[in-house]
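Below: the structure, in structure tokens.
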Amino acid sequence: MGGKAKRSIELDNRYGAHNYAPLPVVLERGRGVYVWDVEGRRYFDMLSAYSALNQGHCHPAIAAAARAQLGRLTLTSRAFHNALMGPFLKKICELTGQPKALPMNSGAEAVETAIKAMRLWGYRRKGIAPNQAEIIVARGNFHGRTTTIVGFSSDPDSYENFGPATPGFISVNYGSIESLEEAINERTCGVLLEPIQGEAGVRIPPEGYLKKVRELCSSREVLFCADEIQTGLGRTGKMFCLDHEGVQADLILLGKALSGGFYPISAVAGREEVLGLFTPGTHGSTFGGNPLACAIGLAALDVIVRERLPRRAAALGAYFLEGLRALDDPRLLEVRGKGLLLALEFKQPIAKPFCKALAANGLLAKDTHQTTVRLAPPLVITKPQIDAALEIVRRSLSC
Ligand SMILES: *Cc1c(COP(=O)(O)O)cnc(C)c1O
């Protein structure tokens, strides 16, 4: 490693809180599926900032929209209207098929917004007794890092020493409709689920699960909130992962690729009967829906539609999956995925050293839970690039 990289890492370690354990790579430039480190070495980015970069690094159309807006107007606060929020929310509503949307910034804020919306609906519409509302979540979930959200995580690293947990959350087994059915009662206002559990290691529920969740929620008068912050906007080969089962949620959460990696932008889209319950003063955010975010978000969504990224993810994901399955390495327990959200699961806890080998060979990926490596390149990746990536994976397995 060169001096420049060493100095950067030393500064990070000296002045930064150690809430991450990054690979020793210092990046300074990105374009499409590639990033370059400070020494000019090129890597495939197969993490894509946890799917925030579906459109690829520094997409020129999004960059142009951001640049133009930077010289015009960046923030008004919601105390006034701005000319771009309406068009942005309209686009989100058209894409999701939902009548209303509420803009926030980080993904965790979208989740928090949905939690408030489901509780609000529970009290105002379902008639749940004050402060008794329950939200059902799944074990293995990842919905962000706020105190309320980590309070219903099942990962000790996430919740330990950060209690007391916010009450009102009930955990069930992911993928089990029976477990969900048993947990629903008259206090239940909503069910919050990832259509595929990304951080848990690309855990795909049994086929038909999401459809059954939808039916169960409808029949028991409970809201279904889908966290598509990681799976949405093309990643799994459809615009939304729920589309694979033809399911419409009551609330859908977007983030990450909603900005194409330029800026934190999130949103909750959902039914009028739910989001329509917020009144002035009951929820907000200084930066939510700001004109810079809306300009970037509009351009980011436009790229997903114009470049048909969901279709690309479906075709190229199938091709990548086939190539990975052909690796046939005895240390591999399973190769799985949907669209371009793929994972290699090893029998032993070798995910981290394997990621180091991948990085040394020019491919950046991240281990989750010691045995799993997620491979999720920007959706603009091409077939020859996948071939080159497969060659790196092959080479890294043999060292
Ligand atoms: C990343 C993620 C979040 C949280 O988003 P932040 O922008 O990091 O707050 C929530 N849900 C899912 C499924 C995610 O992948």
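Please treat every number below as a calculation from the coordinates, not as lab data. What you see is a predicted model; the values in this text were computed from it and never measured. Backbone-built Cβ (ideal geometry, glycine too); neighbour counts: all protein chains shown.
Tabulated data
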| quantity | calculated |
| --- | --- |
| Mean ellipticity per residue at 222 nm, deg cm²/dmol - from DSSP H runs of n ≥ 4 across the chain, formula -39500 (n - 2.57) | -10500 deg cm²/dmol |
| Ordering of 207-216, 372-381 by burial proxy (mean other Cβ atoms within 10 Å per residue, highest first) | 372-381, 207-216 |
| Cβ-based exposure ranking for Cys399, Cys225, Cys58, in which fewest neighbours within 10 Å come first | Cys399, Cys58, Cys225 |
| Relative packing of 320-330, 159-169, which averages over residues the other C-beta atoms within 10 Å, highest first | 320-330, 159-169 |
| Cross-link table Lys256/Lys338; Lys100/Lys256; Lys211/Lys338; Lys238/Lys347; Lys126/Lys238; Lys91/Lys238, entries beyond 21 Å C-alpha to C-alpha | Lys238/Lys347; Lys126/Lys238 |
| Amide proton proximity set for Glu28, modelled H, under 5 Å, gap of 5+ | Trp36, Asp37, Val38 |
| Chymotrypsin sites (Phe, Trp or Tyr not before Pro) within the range 40-129, DSSP loop, no more than 10 other Cβ atoms inside 10 Å | Phe80 |
| Long-range amide H partners of Val172 with built H, under 5 Å | Val137, Ala138, Arg139 |
| Helix axis angle, 309-325 relative to the chain longest principal axis, alpha carbon, degrees | 50 |
